[in-house]
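Coordinate-derived values only; no laboratory data. This structure is a prediction, so every number in the text was calculated from the model and none was measured. For neighbour counting, all protein chains shown are included, and Cβ atoms are generated from backbone atoms with ideal geometry for every residue, glycine included.
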Amino acid sequence: MSSHHLGGSHTDPSFQSRPRPAGEVIRRVAVYLRPYTWLAVADVACAVLSLGFGMAYPKLTKVIIDDVIKLGRHDLLTVTALALIGAFLFREAFNSLRIRINNHLEQNVIFDMRRQVYARLQRLPVAWFDQRASGDLMTRVIEDVNNVERLLIDGTEQGTVALLSIIGALVFMFAASPLLGTVALIPLPFLVGGALWYTLTAHRRYRLQREASSAMNALLMDNLQGIRQIKAFGRQAHEDVRFAQRADDLREGTLVVMRAWAWYGPAMQFTGALGIGLVLWVGGWLVMHGRMGVGDLVAFMLYAGMFFYEPIGRLHGLNQLLQSARAAAARVFDILDATAERAVAPVKETAPAPVDAHRQPRVAKGWRARGEVVFENVGFSYGAGKVALRNISLHAQPGQMMALVGPTGAGKSTLVGLLPAFYETTEGGIRIDGHTIRELPLEVLRDQIAVVSQEPFLFNGTIRENILYGRLDATEAELHAAARAANCHDFIMRLPDAYGARVGERGVKLSVGEKQRVSIARALLKDAPILILDEATASVDTATERLIQEALERLMSGRTSFVIAHRLSTIVKADEILVIRGGEIIERGTHEELLARDGLYAKLARIQNTTFIEEGFVRLSA
């Protein structure tokens, strides 16, 4: 994944989130409630019941003032007070139940949404990740999903309760005094206008804040993974400045959001308070002229304040939540809407399939290839003007070793990356045992191929877990056999926890040679008929190199192997050597055939003391 480690824009322009209308966000997010409909209903029901008991407070207060205190009804005082206490008790009891249900519903929805986003990430093509920063994707899976969920759960519950509260308050207020009810509505146009302004202007502010957060997280993850390089080059102060810039962008983005809210929130609160003032002004006049009781005015004020203006203020808070969720949802939907592997444009087949490969029967899970691999006029481009391979044709028989040599950037890694469909060909076709790989299910295709890279990746777990990644259901005996064949069993057994030893992030607790042998054991355990091997003995001592070479020979035995060769010693053993330059095969043949041809390869081989092939190409170019 791109790490943006050397600066530039904070986010990849190709991954800018497309703004989503609020209706689309609400509609798509609401889908996650379907499996928990009854939980959602129970949540809202408890909130409504809590609201209902709460709305008894103004009515009972009126009774206490007008019917008990004013009329001196001592016999009603205890009953009314107990009724008021009971209303508060049931209000909080249902509120407690609501919180428990809400939390359960919330965590279920977060789990479902996060699992779906992660599953989608796992099924996107490798090319999709090439321009995305890991920290940005982590922000989307963790923080953005949480923000979207808040809209779904809190928005649904609080929005429903607020609307019911407003409707109920209006009924009580107009029943008590149509005049005061009309007065209470005077601030409403200002409240609606303020909400419209905030809604129409908020999305850009929240989007910038979310992007700044992603940029900071991306830099943080990049630097944590590259901490040894930072220390080796003494760039701590430089990274302090870069992180401070990212953090400052997040600070500024958050302040922009908060400044807008600092105007909007208090303005809406004042508008609501203005309504209370107007109600008290007019209501006071009505009481003083005997047209309204004191208890009625107090009850009206409580309904207006607690169940009308306060819920309207809550809706304004939900509006802020909605705008934040819109920005987050757009970033989550970018992942969910990305095209999964295999969903690509039709490819132009530039060479017909041979007769014996015509109409091959469909394969099923569990199928095992013999290992015949054919590239037919394959071309590949990373985009407009970025052609990586041109007219690549080759034919590997089962068990043969194909060596790929060429300078850095020639297209060797791209070529082998097409075989397991990490990238899809833009021209031509690839067949395994006569089956076009586009017709093979990806799971079946990749079951036929094992990959050992030059820089082996180990997961932050135990050695046992890393080797078993090759075949999860392997027995302990099979695990040990693979480790012995890879020449890593002995050093593993010398570790304090043996196969249970943790390797650290990216295998940092193991040496380069140890990591490579563990990765070879993983490939051996997979036991795939086709092998892609990027030789990796450049950074090890002679003794370790010998152990790795022995392990590689066992790994390649009986398998069709595509080897990106870094050492001349590997090339002489290949059944066919492909010399690649500028994305094209310029020479091919065995070691002896190429020497006899006296071309580029022969010149390379004649350079004295050239251990590594790339070094030879550099010297020839010079």
Vicinal HN-Hα couplings computed from phi for region 492-503 (Karplus, 6.51 cos²θ - 1.76 cosθ + 1.60; Hz; Gly/Pro x):
5, 5, 7, 6, x, 9, 6, 5, x, 5, 8, 8
(1) 25.1; (2) 26.4; (3) 30.1: which one is Kirkwood radius over Cα pairs in Å as calculated from this entry?
(3)
Sort 425-434, 515-524, 265-274, 595-604 by packing, meaning the average of other beta carbons within 10 Å per residue, with the highest value first.
515-524, 425-434, 265-274, 595-604
Taking a ≥ b ≥ c as the square roots of the eigenvalues of the Cα gyration tensor of region 450-527, is the shape rounded (a/c under 1.5), prolate (a/b larger than b/c) or oblate?
rounded
For residue 74 and residue 142, what is the calculated FRET efficiency with R₀ set at 60 Å and r taken between the beta-carbons, to the nearest 0.05?
0.50
Among all helices in the chain defined by DSSP H, which have a length of 27 Å or more along the axis from Cα atoms plus a Kyte-Doolittle mean of at least -1.0?
74-122, 156-176, 188-225, 236-288, 310-336
Report the relative contact order of region 87-193, percent, no decimals, based on alpha-carbon pairs under 8 angstrom and at least 6 residues apart.
26
Ranked by how many other beta carbons lie within 10 Å on average, peptides 205-218, 435-448 from highest
205-218, 435-448
Taking only C-alpha pairs under 8 Å that are 6+ residues apart, what is the relative contact order of region 450-527 in percent?
53
Ranked output for segments 102-110, 490-498 by mean other Cβ atoms within 10 Å, highest leading, reads 102-110, 490-498
Once the dipole of the chain is set up from charges on Cβ (+1 Lys and Arg, -1 Asp and Glu), the residue from the list 195, 463, 407 lying farthest towards its positive end is 195
Modelling each spin label as a point 7 Å along the Cα-to-Cβ direction, I'd like the residue 306/residue 239 distance in nm, to one decimal.
5.6
Long-range amide H partners of residue 388, meaning residues 5 or more apart or on another chain whose placed amide H is closer than 5 Å, are 380, 381, 382
Calculate one ³J(HN,Hα) per residue across region 557-568 by plugging θ = phi - 60° into the Karplus curve 6.51 cos²θ - 1.76 cosθ + 1.60, and present them in order as whole Hz with x for glycine and proline.
4, x, 10, 6, 10, 10, 10, 7, 7, 10, 10, 4
Which one, 124, 145, 113, is farthest towards the positive end of the dipole of region 101-160 when Lys and Arg carry +1 and Asp and Glu -1 on their Cβ?
124
Under the 7 Å Cα-to-Cβ spin-label approximation, residue 370 and residue 179 lie apart by a distance in nanometres of 10.0
Separation in nanometres of the label points that stand 7 Å from Cα toward Cβ, at residue 294 and residue 122:
7.0
Relative contact order, percent, the chain [alpha-carbon distance under 8 Å, six or more residues apart]:
14
